[in-house]
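Right, one structure below, let's go through it.
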Amino acid sequence: MADIQINNLVKVYPGSTERANDDVSMTIADGQFMVLLGPSGCGKTTLLRQIAGLELPTSGSIAIGGRDVTYMPVHQRNLSMVFQSYAVFPHRRVRHNIAFPLKTKKLPQAEIDKKVAWAADLLQLTPYLDRFPAQLSGGQRQRVAVARAIVVDADVLLMDEPLSNLDALLRLSFRSELKRIVEQLGTTTVYVTHDQSEALSLGDQVAVMRSGKVSQLAPPLDIYDHP
Ligand code: ADP
Ligand code: ADP
């Protein structure tokens, strides 16, 4: 677990004159669930990708657990990510998909099996471990993506619209499930969404973004001027 400190972050994409992030600063406490909320194009994903190390800031800095990670490669940041389109490997069984990040860490097989069983149980995937993704529903596939993200003990969990490809009913049930799981793990989480009710129900803190800036940052109950 770790806190995240973002200082005066500015991002201008090459070839652009606009600031996709315009002087963003925030502190995300250890174990906190921070939601980045705002309309399409306001800079949420850009901020998340810089925390991840998938984009470099134009200026400013990011520290995770007191360690400056601004220019540190992705694989050294000890974080897990879940994206909008569940990036599961279609030709690999559920078991293998969940085990994937552990294999790159070269853990012993017995240890891998134990962790996969734990994550599968938490996400109610145990009966599906030997299926292929095509044999699962959309909701189950997205569970696989979440199981894969939590199976490693990451300091930080980053999620970009992880529920947006699910139908409305699934989105609601999986939302409360996600909240429960993340609370149980206590991992510092940054969660991107344009969905106000999702933000207000999930976040410990909600950062409302507009035109690259943070326009409000407060607990959900204090977010009055809804975007
Ligand atoms: P959001 O996640 O809130 O929808 P983004 O962070 O994706 O917003 O985008 C913020 C701004 O940066 C938008 O104006 C978008 O067009 C621009 N942008 C995003 N990614 C790129 C990119 N790779 N190259 C150039 N401009 C980009
Ligand atoms: P896939 O069929 O998706 O390619 P693999 O055969 O690569 O999956 O297996 C993924 C991982 O799961 C491997 O580490 C393998 O040892 C383990 N595994 C596969 N089948 C079982 C099983 N029935 N019980 C326990 N572990 C298994």
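Which one of the conditions (1) surrounded by fewer than 15 Cβ atoms within 10 Å (Cβ to Cβ); (2) within 16 Å of ligand 2 (Cβ to nearest atom); (3) under 21 Å from Val192 (Cβ atoms) does Val74 fail to meet, given that it meets all the rest?
If we test Val74 against (1) surrounded by fewer than 15 Cβ atoms within 10 Å (Cβ to Cβ); (2) within 16 Å of ligand 2 (Cβ to nearest atom); (3) under 21 Å from Val192 (Cβ atoms), just (2) comes out false.
Which pairs turn up if I take residues in region 89-101 that are under 13 Å from Ala145 (Cβ atoms) and touching a residue at least 12 places away in the same chain (Cβ under 8 Å) and look for partners that are among the hydroxyl-bearing types (Ser, Thr, Tyr) and more than 16 Å from ligand 1 (Cβ to nearest atom) with beta carbon separation below 9 Å, at least 6 apart in sequence or on another chain?
So the pair list comes out as Val94/Tyr128; Pro101/Ser80.
Here are Val182, Val156, Val146: which of them is of a type in the set (A, V, I, L, M, F, W, C), modelled with pLDDT of 90 or more, surrounded by fewer than 22 Cβ atoms within 10 Å (Cβ to Cβ) and under 14 Å from the mean Cα position of the chain (by Cα)?
Values: Val156 fails: surrounded by fewer than 22 Cβ atoms within 10 Å (Cβ to Cβ); Val146 fails: surrounded by fewer than 22 Cβ atoms within 10 Å (Cβ to Cβ).
None of the others qualify; the one that does is Val182.
From the list Ala2, Ala20, Ala52, pick out the single residue that is modelled with pLDDT of 95 or more, closer than 19 Å to Ile150 by Cβ, in contact with a strand residue (DSSP E or B) (Cβ under 9 Å, 6 or more places away or on another chain) and buried (at least 16 other Cβ atoms within 10 Å of the Cβ). Don't jump to the end; show me each part of the working.
Details: Ala2 fails: modelled with pLDDT of 95 or more; Ala20 fails: closer than 19 Å to Ile150 by Cβ.
From the options Ala2, Ala20, Ala52, the qualifying one is Ala52.
Met26 fails exactly one of the following numbered conditions: (1) touching a helix residue (DSSP H, G or I) at 6+ places or on another chain (Cβ under 8 Å); (2) surrounded by fewer than 18 Cβ atoms within 10 Å (Cβ to Cβ); (3) in contact (Cβ under 8 Å) with a residue 24 or more places away in the chain. What is the number of that condition?
Condition not satisfied by Met26: (1).
Residue pairs, Cβ under 8 Å, 6 or more apart or interchain, first in region 148-171 and closer than 13 Å to Glu198 by Cβ and in a strand (DSSP E or B), second among the polar types (S, T, N, Q) and modelled with pLDDT of 90 or more. List them.
Met159/Thr189; Asp160/Thr45
Mind checking whether some residue in region 217-225 is among the hydroxyl-bearing types (Ser, Thr, Tyr), part of a helix (DSSP H, G or I) and more than 16 Å from ligand 1 (Cβ to nearest atom)?
If we filter region 217-225 for residues that are among the hydroxyl-bearing types (Ser, Thr, Tyr), which is where we start, we get 224.
Among the residues that remain, those that are also part of a helix (DSSP H, G or I) are: none.
Among the residues of region 217-225, not one is among the hydroxyl-bearing types (Ser, Thr, Tyr), part of a helix (DSSP H, G or I) and more than 16 Å from ligand 1 (Cβ to nearest atom), which makes the answer no.
Could you please let me know if Asp113 is assigned to a loop (DSSP other than H, G, I, E, B), of a type outside the set (A, V, I, L, M) and either at pLDDT 95 or above or within 14 Å of Ser80 (Cβ to Cβ) (or both)? Reasoning before the result, please.
Working: assigned to a loop (DSSP other than H, G, I, E, B): no; of a type outside the set (A, V, I, L, M): yes; either at pLDDT 95 or above or within 14 Å of Ser80 (Cβ to Cβ) (or both): yes.
So Asp113 fails the test.
So, in region 55-71, how many residues would count as being surrounded by 15 or more Cβ atoms within 10 Å (Cβ to Cβ) and more than 21 Å from Lys11 (Cα to Cα)?
So the answer is 1.
The values are calculated or read from the model by the stated rules, or taken from the named source; none is laboratory data. What you are looking at is a predicted structure, and each value in this text was computed from that prediction instead of being measured. When we count neighbours, we look across all protein chains shown, and the Cβ atoms used for this are built from the backbone with ideal geometry, even at glycine.
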